[in-house]
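Data first, discussion second: the structure below is written as C-alpha cells.
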Amino acid sequence: MSTTPPMIISSAGDSASSVRSLTWRPRMWAVALFVLVAVLLQVSLMPFIRVADGIPDTVVCVIVAVGLLRGSVVGAVAGAAAGMAVELAAPGGTLGVLALLYLVVGWASGRLCDRDEVRGVLPPVILSIIAEVFVQLGGAFVQLMFARPVDVGDFVRTVLASAILTALIAVPAVSIVRRVLGAPRVVEPFLIMRDG
C-alpha cells in the first residue's frame, strides 16, 4: 500500500511567492540576530577597547554588511533598529540621533546591493570606514547644534582612531554576515509579506 504525500495548496496562487516567503523569514531572523549581537557588543565590550578615545563600531560594520547583502529597505530598517537599541541601552545623547544616522548608513549601503564592485572584501571595509566617519560627524554636528563645545583636535583624533578600529573588525564582521545571509539580493519585505 503506497501512500502519496499530501498536496499543499497555496492560497497565494503562485507557488514561487510562497517558497520565496518561506526562505525570506529565516534570513530576516538572522538579520535581527546580527543586529542584536552587534548592539550587545557595542554597549558591553567595545567601550573597553579604547584607543585615543576612539572605539570600534560593530553596529556600523553589521549595518553596512546587511545593507550590501539585502538592499536599502532592509538596511535602513536594521540601521534604525540598531541605532535606537544602542541609544536605549546606553543613554548618553539625544534620543533618535544614532537611529537616524544608522538608518542613513543602512539605506546608502543598500543602494549598492546590486553592484558587482561590492562583492569583494575591501569595498565593505571602505564603506564601514566611511560610515563610521559619517556617524562621528553627525554626532558632532548635533553637539554643535545644542551649543556644546567640540574640541577639533580631540575630535579628529577620536574619528581617526574609531575609523581604524572599525576597519580592523569590519573584515570578520562582514565575512560572518556574508556567510550566513548568502549572495547579495535586494529584498523588499513588504512586497513578500503581501504576496505570502
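Just so it is clear, none of the values below were taken in a lab; they were calculated from the coordinates. Nothing here was measured: the structure is a model prediction, and the numbers come from that model. Positions of Cβ are backbone-derived with ideal geometry, glycine not excepted, and every protein chain shown enters the neighbour counts.
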Margin query: Give me a comma-separated list of calculated 3J(HN,Hα) values for the range 160-169, in order, Karplus coefficients 6.51, -1.76, 1.60 applied at θ = phi - 60°, integers in Hz, x for any Gly or Pro.
Written below: 4, 5, 5, 5, 5, 5, 5, 5, 5, 8
Note to self: I need the peptides 168-174, 181-187, 80-86, 141-147 ranked by packing, meaning the mean over residues of other C-beta atoms within 10 angstrom, with the highest value on top.
What the structure shows: 80-86, 168-174, 181-187, 141-147
Checklist line | Cα-centre dipole for the range 15-182 with unit charges at Cβ (Lys and Arg positive, Asp and Glu negative), debye to 20 | finding: 600
Next item on the list: Please give, to one decimal in nm, the separation of the simple spin-label points placed at D151 and L45, each 7 Å out from Cα toward the Cβ.
Entry: 3.1
Next item on the list: Using θ = phi - 60° and the Karplus relation 6.51 cos²θ - 1.76 cosθ + 1.60, list the HN-Hα couplings for the range 51-65 in order, rounded to whole Hz, with x at every Gly or Pro.
Entry: 10, 6, 6, x, 10, x, 10, 5, 5, 4, 4, 5, 5, 4, 5
Note to self: Checking the a/c ratio against 1.5 first, then a/b against b/c, what shape does the Cα gyration tensor give for the range 43-196?
What the structure shows: prolate
